[in-house]
Structure formats: C-alpha cells, structure tokens
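**Q** One structure coming up, written as structure tokens, with questions to follow.
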Amino acid sequence: MTEPSAPPRTQVPERVVLHGAPVDFRTLAERAIPRDTEHVVFDLDRTIHLGRNMGELLGWELAAEQAYGVDGCAALEEGRPRGRLLLAVRRPLGLLRYIAIGLRDWGVPGLTYFFWGKLAARREALRRRSFLRFGPEPVREVQRIPQTTLLSLLCGADEPRLRRLARAVWRRHAPEQVITREDVAWLRGWCPGVRVILSSASPEATVAVAAEELGVDDFAASTSGRAPGEVDAPVERLRGAPRAVAGPGHVVINAGDAKIAHLARRHPRALARGARTVGVTDTGYGEDHAWADHFARVIDVNSDSPFVPIVRAGSPLVEIHSAAVLTREERATGALDPRRGAVATGGPRELAGAELDALVSGFRARAEQLAREYERTASALGPELDEVRAATAEVRRELDRAALAYNEAPPDARGPFLTTLEALRQAERALVAELHALERPLSEIAFALCRTREGSRAALAG
C-alpha cells in the first residue's frame with residue numbers, strides 16, 4: 001500500500017485529444033501546436049511518410065544497386081513500385097543476385113526482429129518472454145538488431161553514393177509524405193521563430209537528405225564510427241574483414257532516450273524548465289514514449305502505439321494529441337491508403353479534468369504500485385547488477401581499443417585483431433545474458449507496468 005506522505009511517481013496530463021477522422025497536417029497543427037511554440041521535434045520513419053522506414057529502404061536500395069547495377073536500377077525506375085522490394089522478373093540473373101543478397105544480409109536479423117519485435121507485440125505470452133530475454137526495455141534491444149545490421153551493410157559505401165540512394169528513395173515515396181517541405185515552411189509562419197528539428201534512428205545519410213528536403217534547422221541520426229559522413233561496421237555485426245570497425249563507444253543508435261540526450265547537448269533550451277516544445281512522432285511499438293516525460297506537448301501521428309496518459313512525476317507534459325494524418329496522395333485523390341485499415345470518424349474528442357482522471361485512475365493507482373515495487377527491487381538487486389554492468393563496461397572499453405588497433409593495422413595484418421574482437425564480443429554477450437537473467441524480477445514488473453499503461457490508453461479510446 002502507498003504511504004500517504006510518499007511523493008507520487010506518476011502523473012496525468014491536463015488534456016488528451018483524439019482527433020477523429022484523418023486530417024491534413026496543417027489542420028492538426030492549428031489544433032495541437034500553440035503559436036508560441038519554440039521547438040518542434042519531428043521523428044522521421046513512419047512519421048514523415050505513412051508506414052515507411054526510410055533507413056530500411058536505403059538498405060534495400062543499396063542491395064538493388066548491387067544486384068542489378070546502377071544502369072539496371074535506372075532502367076527499372078520508371079513504373080517501379082514503392083516499398084522495399086524490387087523483384088525484376090524480366091532480369092532473372094539480377095533477381096537471383098538480389099534474392100541471394102537479401103537472404104544473406106537480412107535473413108537471420110530479419111527473422112529475429114520479426115519474432116521478437118513484430119510477433120511479440122501481438123502475442124502477450126511471447127511479449128512477456130521478450131522482457132525476460134532482453135531485459136526491462138526489450139523494444140530498444142530488439143530494434144538494435146536491424147539498426148546495427150543496416151549500419152554494417154552501409155559500411156564501405158561512400159557518403160555521396162549513400163546520399164544519392166537516399167534521395168532516390170525519398171523522391172520515389174513523395175506521394176506518401178504526411179509532412180512536406182511546404183508544411184514546414186507554413187509551420188514557421190504559424191509559430192514565428194520556431195526551431196524545427198528532425199530526430200531519427202535512421203542512418204546519417206538518410207536523415208541528412210530528409211533534413212535538406214524538408215528544410216529543417218537541425219537533425220540527429222544514428223552513426224557508427226568517428227569520421228562524419230562515413231559508416232564503420234559496428235563490432236556487434238561484423239561480417240568478413242570490413243574497411244573499418246566501430247567499437248561500442250563509437251556507435252550511436254539515435255532512438256528513445258538517445259534522442260533526448262542529443263537535444264540536451266544541441267538544444268538545451270528545448271528541455272529547459274518552462275520550454276514550449278512539441279514532439280511529433282508515430283512512436284511505433286512505443287519507442288518514443290520517453291518524449292512524454294520531457295516535452296510540453298506530444299503528438300502521435302498514424303501510430304500503432306499511441307502515447308499513454310500516465311507519465312513520470314515531474315514531467316512538463318500538458319497535452320497529448322493522437323491523429324491520423326493524410327498523405328499527399330490521399331489529399332489529392334480523396335481515397336485513403338488501403339494500408340490504414342479501419343480509421344476513426346467524426347471530429348476531435350477532448351478528455352480533461354475529472355473525466356480524464358476517472359478513466360485512468362485505476363490504471364494510475366496500479367502504475368504507482370508497480371513503480372514503487374520496481375524501485376524496491378532495483379535497490380535490492382543493485383550490488384549484483386552494478387557488478388555485472390561494471391564488467392560489461394570494461395569489456396566494451398577493451399572492444400573500443402581492439403577496434404582502434406584493427407583500424408590502424410595494415411589490411412594484411414588484421415586477422416589476429418578480428419580474432420580478438422570476436423573473443424571480446426563473446427565475453428560481452430555472456431555478460432549481457434547474465435545481466436538480463438539478474439534483471440528478470442525487474443523485467444516482470446516492467447512488463448506489468450507496460451501493460452498497465454497501455455490499458456490506460458485503451459480506456460481513452462473507449
């Protein structure tokens with residue numbers, strides 16, 4: 001039972017708005033982004049485009065060019081379908097190469113992500129197992145698999161080539177844009193003096209091109225290596241003998257809390273007390289739910305995992321908005337994209353005050369109980385967890401040193417360094433598995449807390 005004098009661990013925003021029938025971005029902005037807003041932070045993948053991960057598409061674009069050749073891809077561009085796959089049946093040799101490259105590059109990581117990511121999100125028993133296997137934040141751990149795989153595949157391709165491919169992907173999918181360069185320009189008029197920031201877990205080449213195409217003020221992306229614009233192979237996804245290797249200290253996956261850390265470094269005013277900051281994201285699988293703990297307003301668009309109305313105590317959050325937003329093509333044709341499935345109808349529905357409190361009070365009480373239980377358990381496990389974390393950190397420092405030695409060695413003398421890197425990776429994997437085993441009591445509580453918070457969101461939807 002909660003002690004009466006104990007400070008709360010959670011809170012509820014002042015207002016939640018479910019925006020009903022799909023709207024265009026500017027209509028949503030007029031409803032949800034106050035005119036005195038100072039910073040607007042956009043996610044990229046599945047936020048700027050409906051249902052598309054632009055970083056993943058870059059990886060498949062590179063595979064297509066490797067299989068069909070530059071000229072072959074150019075010849076296939078006219079009439080090429082949107083999406084990740086290019087199955088050119090009239091070019092059988094190229095198609096065979098393309099299938100072989102896809103299986104080699106994405107077979108194991110793709111199946112792993114499908115099982116522990118997508119399927120686990122829909123099967124409660126498997127989802128619970130994902131918490132026990134990957135720790136209290138399984139979404140972050142599972143998504144890291146395709147993210148680091150993609151960075152490994154991009155290693156060796158120079159920056160101009162990657163940007164050329166990223167721009168081709170961008171322009172091919174322009175009809176599916178939800179937010180356009182014209183919308184960003186309009187937003188500057190709507191919020192005079194606003195700074196617009198794009199923050200994504202996609203690779204730097206993808207996000208840099210998106211930033212240019214949208215005309216934003218700054219961007220943050222996932223990077224691997226020391227040199228700007230270059231991609232080194234993350235040590236956790238080594239294949240063969242890459243041009244250069246990035247140790248753990250030089251791989252940044254710009255997801256979840258990493259996005260907040262980047263903002264704190266580059267735009268501290270966006271997180272200052274009283275800041276007027278709005279975050280706009282699709283928050284697929286809940287990876288951007290941390291935004292609600294740091295921004296005054298958050299908007300989830302076309303999301304399969306909307307923001308939940310229970311956030312940490314002390315959050316500056318005032319409002320949550322949830323909306324389906326139309327693409328260029330949908331606005332032009334008047335027909336909804338068939339990938340949407342069922343959509344809401346009617347106008348906005350606002351929940352605030354006593355009505356909002358009544359809907360989520362039971363869930364919040366449960367979340368309070370679980371949050372305190374998590375704190376007590378974490379405190380009891382602290383010494384054991386700290387010991388394993390310290391050992392893991394030391395192995396990762398050794399990996400950084402070994403990666404540097406590999407990069408500095410002549411190509412014909414790198415074999416022993418690869419052996420050292422693999423041995424250290426095995427040691428790191430063993431320590432991470434030990435950590436997750438120790439964390440299982442925490443993971444059970446985290447799973448229950450996650451389900452409780454999702455239940456509060458479902459209660460709002462009726």
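**Q** G382 passes all but one of (1) open to solvent by 80 Å² or more (accessible area, probe 1.4 Å); (2) within 30 Å of R9 (Cβ to Cβ); (3) under 30 Å from the mean Cα position of the chain (by Cα); which number fails?
**A** (1)
**Q** Can you say whether A264 is in contact with an Asp or Glu (Cβ under 9 Å, 6 or more places away or on another chain) and either over 13 Å from A403 (Cα atoms) or assigned to a strand (DSSP E or B) (or both), as far as the supplied structure shows?
**A** On the way: in contact with an Asp or Glu (Cβ under 9 Å, 6 or more places away or on another chain): no; either over 13 Å from A403 (Cα atoms) or assigned to a strand (DSSP E or B) (or both): yes.
Criteria not met by A264.
**Q** Please determine whether any residue of the stretch 225-235 is buried (at least 23 other Cβ atoms within 10 Å of the Cβ), touching a Lys or Arg at 6+ places or on another chain (Cβ under 9 Å) and in a loop (DSSP other than H, G, I, E, B).
**A** Among the residues of the stretch 225-235, at least one is buried (at least 23 other Cβ atoms within 10 Å of the Cβ), touching a Lys or Arg at 6+ places or on another chain (Cβ under 9 Å) and in a loop (DSSP other than H, G, I, E, B), which makes the answer yes.
**Q** Kindly indicate the residue of the stretch 414-436 that is under 26 Å from the mean Cα position of the chain (by Cα) and open to solvent by less than 50 Å² (accessible area, probe 1.4 Å) and also farthest from V395 (Cα to Cα) among those meeting that condition.
**A** That would be H436.
**Q** Among the residues of the stretch 99-116 satisfying the criterion of being among the β-branched types (V, I, T) and open to solvent by 50 Å² or more (accessible area, probe 1.4 Å), which is farthest from L151 (Cα to Cα)?
**A** We begin by selecting, within the stretch 99-116, every residue among the β-branched types (V, I, T); these are 99, 101, 108, 112.
Imposing the further condition that a residue be open to solvent by 50 Å² or more (accessible area, probe 1.4 Å) reduces the set to 99, 108.
Numbers: I99: 20, V108: 16 Å.
Looking at the filtered set, the residue picked out is I99.
**Q** List the number of the failed condition for N254; all other conditions in (1) within 30 Å of R401 (Cα to Cα); (2) in a loop (DSSP other than H, G, I, E, B); (3) in contact (Cβ under 8 Å) with a residue 60 or more places away in the chain hold.
**A** (3)
Let's see how each residue does on (1) without any contact (Cβ under 8 Å) to a residue 12 or more places away in the chain; (2) in a helix (DSSP H, G or I); (3) among the small types (G, A, S):
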{"position": "A292", "(1), (2), (3)": "no, yes, yes"}
{"position": "P316", "(1), (2), (3)": "no, no, no"}
{"position": "S322", "(1), (2), (3)": "no, no, yes"}
{"position": "A342", "(1), (2), (3)": "yes, no, yes"}
{"position": "L351", "(1), (2), (3)": "no, no, no"}
{"position": "A358", "(1), (2), (3)": "yes, yes, yes"}
{"position": "E368", "(1), (2), (3)": "no, yes, no"}
{"position": "L381", "(1), (2), (3)": "no, yes, no"}
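**Q** Scan the stretch 191-230 for residues that are acidic (D, E) and either touching a residue at least 40 places away in the same chain (Cβ under 8 Å) or within 19 Å of R164 (Cβ to Cβ) (or both) and jot them down. It would help to see each step written out before you state the result.
**A** Step one: filter the stretch 191-230 for residues acidic (D, E), giving 204, 212-213, 217-218, 230.
Result: E204, E212, E213, D218, E230.
**Q** Within the stretch 190-202, can one find any residue that is assigned to a helix (DSSP H, G or I), open to solvent by 10 Å² or more (accessible area, probe 1.4 Å) and not hydroxyl-bearing (S, T, Y)? Write out each step before concluding.
**A** Step one: of the stretch 190-202, the residues assigned to a helix (DSSP H, G or I) are 190.
Keeping just the survivors that are open to solvent by 10 Å² or more (accessible area, probe 1.4 Å) gives 190.
If we keep only those that are not hydroxyl-bearing (S, T, Y) too, we end up with 190.
Looking through the stretch 190-202, at least one residue is assigned to a helix (DSSP H, G or I), open to solvent by 10 Å² or more (accessible area, probe 1.4 Å) and not hydroxyl-bearing (S, T, Y).
**Q** Here is a follow-up. Go through the residues of the stretch 245-258 one by one and say whether even a single one is open to solvent by less than 20 Å² (accessible area, probe 1.4 Å) and either over 25 Å from D43 (Cβ atoms) or hydroxyl-bearing (S, T, Y) (or both).
**A** Yes, some residue in the stretch 245-258 is open to solvent by less than 20 Å² (accessible area, probe 1.4 Å) and either over 25 Å from D43 (Cβ atoms) or hydroxyl-bearing (S, T, Y) (or both).
**Q** Which of the following residues is closer than 18 Å to V169 by Cβ and surrounded by fewer than 20 Cβ atoms within 10 Å (Cβ to Cβ): L96, L58, L119, L85?
**A** Numbers: L96 fails: closer than 18 Å to V169 by Cβ; L58 fails: surrounded by fewer than 20 Cβ atoms within 10 Å (Cβ to Cβ); L119 fails: closer than 18 Å to V169 by Cβ.
Checking each option against the conditions leaves just L85.
**Q** Report yes if T37 is farther than 24 Å from R172 by Cβ and at pLDDT below 95, otherwise no.
**A** Taking the combined requirement at face value, the residue does not satisfy it.
**Q** So which residues in the stretch 175-189 are out of contact with any Ser or Thr (no Cβ under 8 Å at 6 or more places or on another chain) and open to solvent by less than 40 Å² (accessible area, probe 1.4 Å), if there are any at all?
**A** Pass one, the stretch 175-189, residues out of contact with any Ser or Thr (no Cβ under 8 Å at 6 or more places or on another chain): 180-189.
Residues satisfying the conditions are T180, D183, V184, L187.
**Q** Please find, among V318, V395, the residue that is open to solvent by less than 50 Å² (accessible area, probe 1.4 Å) and under 27 Å from S443 (Cβ atoms).
**A** Numbers: V318 fails: under 27 Å from S443 (Cβ atoms).
Testing whether each residue is open to solvent by less than 50 Å² (accessible area, probe 1.4 Å) and under 27 Å from S443 (Cβ atoms) leaves just V395.
**Q** Which residue is nearest to I253 (Cα to Cα), if the candidates are limited to the stretch 207-219 and must be in contact with a helix residue (DSSP H, G or I) (Cβ under 8 Å, 6 or more places away or on another chain) and open to solvent by 10 Å² or more (accessible area, probe 1.4 Å)?
**A** F219
**Q** Output the number of the condition that R269 fails; it satisfies all remaining conditions of (1) farther than 30 Å from A413 by Cα; (2) not small (G, A, S); (3) not in a helix (DSSP H, G or I).
**A** Among (1) farther than 30 Å from A413 by Cα; (2) not small (G, A, S); (3) not in a helix (DSSP H, G or I), R269 violates only (3).
**Q** Please verify whether L151 is touching a residue at least 40 places away in the same chain (Cβ under 8 Å), part of a helix (DSSP H, G or I), closer than 25 Å to A210 by Cα and touching a strand residue (DSSP E or B) at 6+ places or on another chain (Cβ under 6 Å), treating the condition exactly as stated. First the steps, then the outcome.
**A** On the way: touching a residue at least 40 places away in the same chain (Cβ under 8 Å): yes; part of a helix (DSSP H, G or I): yes; closer than 25 Å to A210 by Cα: yes; touching a strand residue (DSSP E or B) at 6+ places or on another chain (Cβ under 6 Å): yes.
Against the criterion (touching a residue at least 40 places away in the same chain (Cβ under 8 Å), part of a helix (DSSP H, G or I), closer than 25 Å to A210 by Cα and touching a strand residue (DSSP E or B) at 6+ places or on another chain (Cβ under 6 Å)), L151 qualifies.
**Q** Please specify each residue of the stretch 141-160 satisfying the condition of being surrounded by 19 or more Cβ atoms within 10 Å (Cβ to Cβ), touching a Gly at 6+ places or on another chain (Cβ under 7 Å) and within 18 Å of S443 (Cβ to Cβ).
**A** Hits for the stretch 141-160 are V142, Q143.
**Q** Looking at this structure, is F417 among the aromatic types (F, W, Y) and closer than 30 Å to R312 by Cβ? Step through it out loud before you land on a result.
**A** Working: among the aromatic types (F, W, Y): yes; closer than 30 Å to R312 by Cβ: no.
Here the answer is no, as F417 does not meet what is asked.
**Q** Sticking with this one: What do you reckon, is A63 surrounded by 22 or more Cβ atoms within 10 Å (Cβ to Cβ), touching a Lys or Arg at 6+ places or on another chain (Cβ under 6 Å), at pLDDT 95 or above and closer than 27 Å to S152 by Cβ? Give the derivation first.
**A** Working: surrounded by 22 or more Cβ atoms within 10 Å (Cβ to Cβ): yes; touching a Lys or Arg at 6+ places or on another chain (Cβ under 6 Å): no; at pLDDT 95 or above: yes; closer than 27 Å to S152 by Cβ: yes.
The answer is no for A63.
The values are calculated or read from the model by the stated rules, or taken from the named source; none is laboratory data. Not measured: the values here are computed from a predicted model. Cβ atoms come from the backbone with ideal geometry, glycine included; neighbour counts cover every protein chain shown. Please note that ligands, DNA and RNA were not included when accessible areas were found on the heavy atoms of the full protein model with its side chains. Shrake-Rupley method; radii C 1.70, N 1.55, O 1.52, S 1.80 Å.
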